[in-house]
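Worksheet for the structure shown next.
Every number here is computed from the coordinates shown, using simple stated rules; none is lab data. Small disclaimer: the values here were computed from a predicted structure and weren't measured. Cβ placement follows ideal geometry from the backbone for every residue including glycine, while neighbour counts extend to all protein chains displayed.
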Protein chains: 2
Amino acid sequence: MKAVGVIVEYNPFHNGHLYHLEKSREAAGADIAIAVMSGNFLQRGEPALLSKWARAEMALKAGADLVFELPYKFAVQNAETFADGAVSILAASGCSSLCFGSESGDIDKFNFTVHLLDKHNEAYQERVKHHMRDGNSYPKALSLAFKDLGLGEDGLDLSKPNNILGYQYAKSVHSRHRKLELLTVERKSAGYHDEYFSSETIASATSIRKALFSEGKVLTDIKSYVPGTTLEIMEDYKKTFGAFHKWEMYWPFLKYRLLQMSAPELKEIYEMEEGLENRVMLSAIKAGTFHEFMESIKTKRYTWTRLQRACVHILTNTKKEEMLPQPKSASYLRLLGMSEEGRIYLNRQKGSLGLPLISKLSSSPEEALRQDIRAARIYASALPHPQRQKLLEMEYTQPPIYLKGSRA
Amino acid sequence: MKAVGVIVEYNPFHNGHLYHLEKSREAAGADIAIAVMSGNFLQRGEPALLSKWARAEMALKAGADLVFELPYKFAVQNAETFADGAVSILAASGCSSLCFGSESGDIDKFNFTVHLLDKHNEAYQERVKHHMRDGNSYPKALSLAFKDLGLGEDGLDLSKPNNILGYQYAKSVHSRHRKLELLTVERKSAGYHDEYFSSETIASATSIRKALFSEGKVLTDIKSYVPGTTLEIMEDYKKTFGAFHKWEMYWPFLKYRLLQMSAPELKEIYEMEEGLENRVMLSAIKAGTFHEFMESIKTKRYTWTRLQRACVHILTNTKKEEMLPQPKSASYLRLLGMSEEGRIYLNRQKGSLGLPLISKLSSSPEEALRQDIRAARIYASALPHPQRQKLLEMEYTQPPIYLKGSRA
C-alpha cells in the first residue's frame, strides 16, 4: 500500500482541504493518505476551534486514512521546527511522498530554492542577522535576506505563507535525508490569510473562523465552504461542548496566571524573550481582553503569531528547559484516528514503523507525552463544568477514532 | 486618645461583631477602636465574601475608627501565626488593650492557661507530638495534649474555636512582651460554627454565609442579623461586582493551575506537605467542583481549613521560600480605612507608630506588599470582565476609605 503524507491543522476542515487531500492522493498515486495534524494548540499560537478528536474525525470523514497528532513540542513552534516534526512523523509512518499546498504549485522551485539557500547559507545567514539587528521579525528578515541575494528571481515567492511552509518542508526533507518524494498542489483561489469569502466553494480557514465568531452569523452560513461532514461535526461539537474555542475564552486564565507568577518564573517560559517580561506583566494587569493585551505587547521585532505562541506557552506552563534545544524529530506516533484502509495499512506496517505507535494513553509512558497531555488539560480548562470534565477525560479515555467500512 | 484593638475578619460584619465592638470600647474605656482585619483571603483558607475595601467600610460605618489589613503572610495561616501578626499590628498602632470575643468570657483563665502551658511546655510539646504521630491534626493534637496534662480542669475549654484564638492572642502578647492589656467579651448566643440562625438578632457569620448562598434566599433574608449599613454595602457590592466571592468561583483557576503545574512546582508551595502532591494532582484531574476536590484530598491528619489554606497558597502561587521561617511580627501598617476620630488619632500618633504606615500604594515599596497585591489580583481574577478590572485596579488606586464627620 502506497501512502502520501499531508501536514495539516484543519481548523476547521474545509473544501480547500478536501481539494488538497484528493489532489495529493492523485499526484502521489497513493492508496492511502496520512495526515499529521496539530493537536489542540496551533502553529499560529491559537487554540483550535475544536478539539483534536473532532478535527481528526473531520479528516477521516473527508478521506484521510490515518491521523497522527503533531506533538505540542513541534506544533506550537516556528515554521522550521513545525516542519521538522511533521516531516519526521510522515517519514516514520512509511509515507513515500509528502504533498503540500502552495501558492507556487511548482515543486522544482522548492527543490531549487532549498539547494540555493544551502549553497549560499553563510551569506544568507549574515543578511538575516543584519535585518534582525534592524529590528525586523525573524520571518521578515528571512524574506529580506532572500531578496538581498536575488534568490527570489527564479520564481519562488517567499513572502507567501504557504510557499514559506512548503520551503520548510522541502528543506527538512533534504537536510534530514528523509525518504519522501516532494509534491506540491497549487492552492485554489482563496488566500491563506483572506478574511472574506472569495469564491463560491473555497474559503480560507481564516475567513471561516472569522465568520463563525462574527455577530449574527450562524453555523450554516459557512456550509458552502465545508464538507457536510465538517458541518455535522461542528454542530455536534457546539451542542456537546457549548462553544468553539478561541483565545478570549482562555484570557481569564492567561491573565490569572500572569497576575500570579513572578518575573523570574516568566523568564523560564519558552519564547519569552529577555526584556519582554516587564511589558507582559504590566499589560496583564491593565488589559481587559486578550486582544487588548496583544495590542499592548506587540512590537516590530516579534510577529503577532510569535507573541501568541509565547502566550500559549505561558498558558500551558511550557518552559525553555523542556523545549531547548529545538528537536529535529518526533519520538512517537500518536494515533488520533483511522479509516478501515488506515487500519489495514497500520497492521501491515506494524513492524517497520520508524517510531513507537501510541494508540492508548494508559499503555504508554506518560513522560513522553507529558506536554501533549498538559496541552489537552489546559485546552479543556476554559469550558464550564461539566463540559470541561468531559473534554478533559477524553485525553485519557478516548481510543483512536475508527471509521468503519471501506471507502470504495 | 485611648485605643482598643480588635482582631477581625468581618465576613460579613454582623450584629455579633457590633456587640463585640461596643463592648470592647466600653471594657477598655477607649476613645477609639482599631480593627486589624484579614485582607481578601481568610484564616480558614477561603476568599472573603466581599473585598477588603467593602469590609473595611462595613467596619467603619459600624463604629471602628481605623482598619488595618492583616497581611496575607499572617492572615492565611494557623491560629498562632495569625495571632502573632495581628497582635504585632495592634501593638505598633498604639493600642493600650486588645479585646477579643470568647466562649469563656473570663480573661483570668486565658492568662492562667498561657502561664501554665509555658511552665509545662516540654511535657505539653511531647504530648502534642505523640498525638500527631497517631495521625491527628495539629489543632486536635493541641487539644488532646491539653487534656492529657489535666490543664483544662481549671476552666478554659480549648475545644472552643474562639477560646483557641483568644489563647493564641494572649500567648502572643505574653511571649512577645507586647504592651497590650488583655480583655475578653463573652460571645452572645450564636456559636462560631453554627450553621443555622439561633436567635432573633445574632447569627454566626457561618450561618449568614450559608444563607447567602442557599437557593431561593435573597439578601434581605439576613437583614435581622446585620446592621443596616452592612446590608447596604452588600447590596451595592452585588450590584457593582455581580456576586459575593466563594471558593467555587475560584475553582476553575485552581484546577487550571493544578493541571498546568508539575509535581516539583507543587512541592514548592507553602503548606503542601510531602506526599500530598500526587493525591492533589490526581484529584484536580478528576474533581468537577471545589467541594468534590476537597472531599477527595481530605485526611484525618490535616484539617479541612488547613487544606483550604494550602489551596489558597496554590491559587496565589505562595511558596515555602517566601513564607518560612514563619514571621512573628508584621513589617507595615496598611491602612484600609478611617473615621474622623481615626484620622485625628493617626495624626497624633504619626511619630510614634511602631511600624511604617502605608496609605497609598504608589508611594510605598512594592516589594514589602508583594503578597498582598498578588492576593488582591487573584481575588479579582474570578470576576468577569469588566468587574474584574474594576476590582483589580482598586488595589492600586483606592485611597483609604475615609468616613467623614464625627460619630458623636
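Of the residues A:GLY337, A:GLY288, A:GLY94, the one that moves most in a GNM of chain A with alpha-carbon contacts below 10 Å is A:GLY288.
Looking at segment B:199-236, the trypsin sites (Lys or Arg not before Pro) that sit in a DSSP loop and have at most 13 other Cβ atoms within 10 Å of their own Cβ are B:LYS217, B:LYS223.
As a length-normalised measure over Cα pairs under 8 Å and 6 or more apart, the relative contact order of segment B:112-155 settles at 37 percent. Loop-located trypsin sites (Lys or Arg not before Pro) in segment A:261-310 (DSSP state not H, G, I, E or B) with no more than 12 neighbouring Cβ atoms inside 10 Å: A:LYS300. If you plug the beta carbon distance of B:GLU248 and A:LYS119 into 1/(1 + (r/R0)^6) with R0 = 56 Å, you get a FRET efficiency near 0.35. For chain A, excluding the exposed loop sites themselves (GluC sites (Glu not before Pro), DSSP loop, at most 10 other Cβ atoms within 10 Å), the longest remaining stretch covers A:1-199. Computed from backbone phi with θ = phi - 60° and the Karplus coefficients 6.51, -1.76 and 1.60, the 3J(HN,Hα) list for segment B:21-26 is 5, 5, 5, 5, 4, 5 Hz; x is used for glycine and proline. Take the Cα pairs of segment B:247-322, get the Kirkwood Rh, then feed it into Stokes-Einstein at 4 °C and 1.567 mPa s and tell me D in µm²/s. Reported coefficient: 107 µm²/s. In this simple spin-label model, placing a label point 7 Å from the Cα along the Cα-to-Cβ direction at both B:ALA263 and A:GLU200 gives a separation of 6.1 nm. Take B:GLU26, move 7 Å from Cα toward the beta carbon, and the resulting point lies 9.5 nm from the same point in each other copy, nearest first.
With label points set 7 Å from Cα along Cα→Cβ, the inter-copy distances at B:VAL218 are 3.7 nm, sorted shortest first.
For segment B:49-103, the convex hull drawn through the C-alpha positions has a volume of 121 cubic angstrom per residue. Using only Cα coordinates, the Kirkwood hydrodynamic radius of segment A:112-155 works out to 10.3 Å. Approximating the spin labels as points 7 Å out from Cα along Cα→Cβ, the B:GLU274-to-B:HIS291 distance works out to 3.6 nm. Counting every alpha-carbon pair across the protein assembly as shown, the share separated by more than 51 Å comes to 29%. Relative contact order of chain A: 23 percent, from C-alpha pairs under 8 Å at least 6 residues apart in sequence.
Per DSSP H run of at least 4 residues, take -39500 (n - 2.57); add these up for the protein assembly as shown, divide by its residues and hand me the 222 nm value, nearest 500 deg cm²/dmol.
Result for the protein assembly as shown, helices only: -15500 deg cm²/dmol.
For q = 0.06 Å⁻¹, what log10 I(q)/I(0) does chain A give under the Debye formula with an equal point scatterer on each alpha carbon and no solvent? With one equal scatterer per Cα and no solvent, log10 I(q)/I(0) is -0.23.
Quarter the surface of the alpha carbon convex hull of segment B:1-109 and you get the mean projected area, 6.5 square nanometres. Our summary gives segment A:247-322 a relative contact order of 42 percent, counting only alpha carbon pairs under 8 angstrom and 6 or more residues apart. Sorted from closest to farthest, the other copies place their B:GLU273 label points 4.8 nm away, with each point set 7 Å from Cα along Cα→Cβ. Convex hull volume of the Cα atoms of segment B:42-159, normalised per residue: 141 Å³. Taking each of B:LYS210/B:LYS319; B:LYS52/B:LYS179; A:LYS109/A:LYS179; A:LYS160/A:LYS239; A:LYS267/A:LYS300 in turn, the alpha-carbon distance tops 26 angstrom for B:LYS210/B:LYS319; B:LYS52/B:LYS179; A:LYS160/A:LYS239. Stretched out straight at 0.36 nm per residue, the stretch from B:GLU235 to B:THR299 would grow longer than its current Cα-Cα span by 19.2 nm.
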